[in-house]
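Mind having a look at this structure? Questions to follow.
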Amino acid sequence: MDGWVVIGSFILMCGAGFLANYKNRRIWLWMVLTFLFGFFALIPLAVMKKVRDEADFKKCSACGEEILAVAKVCKHCGTAQ
C-alpha cells in the first residue's frame, strides 16, 4: 500500500511541475509544496493567472506604451518601430 502512496505523490508532483511551468512559476517550489501538502497545493496553483514573460514586450519609442516585441507598428500611436 505504501508504494501506491509514493507513486501517487510522484504523479501529483509531476502534474504540479507541468502546471507551474505552463504558468511561468517556479517548478521546484510547487513540486515541493505538492509533496508536503498534497492535492491542496494544486488548488492555488490552478487558480493563479499565468505570469507574462517580460521579454515578449518592449516600450514604444514615441509614446512609451508597452507593445509586443515583434510589433512593427505601435498599436497606440501608429509609430513604426
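Readers should treat all values here as calculations from the given coordinates under stated rules, not as data from a laboratory. Please read all numbers here as calculations on a predicted model, not as lab measurements. No Cβ is skipped: glycine too gets one built from the backbone with ideal geometry, and neighbour counts run over all protein chains shown.
Based on the Cβ-Cβ distance of I11 and F57, what FRET efficiency does E = 1/(1 + (r/R0)^6) give at R0 = 41 Å, to the nearest 0.05?
Details: r = 36 Å, r/R0 = 0.87.
It comes to 0.70.
Still on this structure: Quick one: which residues, 5 or more positions from A62 or on another chain, have an amide H under 5 Å from its amide H? H modelled 1.01 Å from N in the peptide plane, none for Pro or chain starts.
Sorted by chain and number, the residues that satisfy this come to none at all.
Here's something else I'd like to know. If I take R0 = 25 Å and measure r between the Cβ atoms of A46 and K75 in this structure, what FRET efficiency does the formula 1/(1 + (r/R0)^6) give, to the nearest 0.05?
0.20
Over 20 Å apart: what share of the alpha carbon pairs of the chain falls there, rounded to a whole percent?
Value for the chain: 51 percent of Cα pairs lie more than 20 Å apart.
State the answer as a single residue: which of F37, F10, V70 lies farthest towards the positive end of the charge dipole of the chain, with beta carbon charges of +1 for Lys and Arg and -1 for Asp and Glu, about the Cα centre.
V70
Sequence gap of 8 or more, or different chains, plus Cα separation below 13 Å: how many lysine pairs satisfy both in the chain?
Here the count comes out as 6.
A further question on this structure: Under a point-charge model restricted to the Cβ atoms of Lys and Arg (+1) and Asp and Glu (-1), what is the dipole moment magnitude of the chain relative to its Cα centre, in debye to the nearest 20?
Magnitude of the dipole: close to 280 debye.
Name every cysteine in the chain that ends up alone, with no second cysteine's Cβ under 4.7 Å, or say none.
C14, each lacking another Cys Cβ under 4.7 Å.
Which whole-number percent is the relative contact order of the chain (Cα, under 8 Å, 6+ apart)?
19
How do the peptides 12-24, 34-46, 55-67 rank, highest first, by the average count of neighbouring beta carbon atoms within 10 Å per residue?
Those peptides, ordered most packed to least, come out 12-24, 34-46, 55-67.
How much net charge surrounds A16 when only other residues with a Cβ under 12 Å from its Cβ are counted (Lys, Arg +1; Asp, Glu -1)?
With Lys, Arg at +1 and Asp, Glu at -1, the net is +3.
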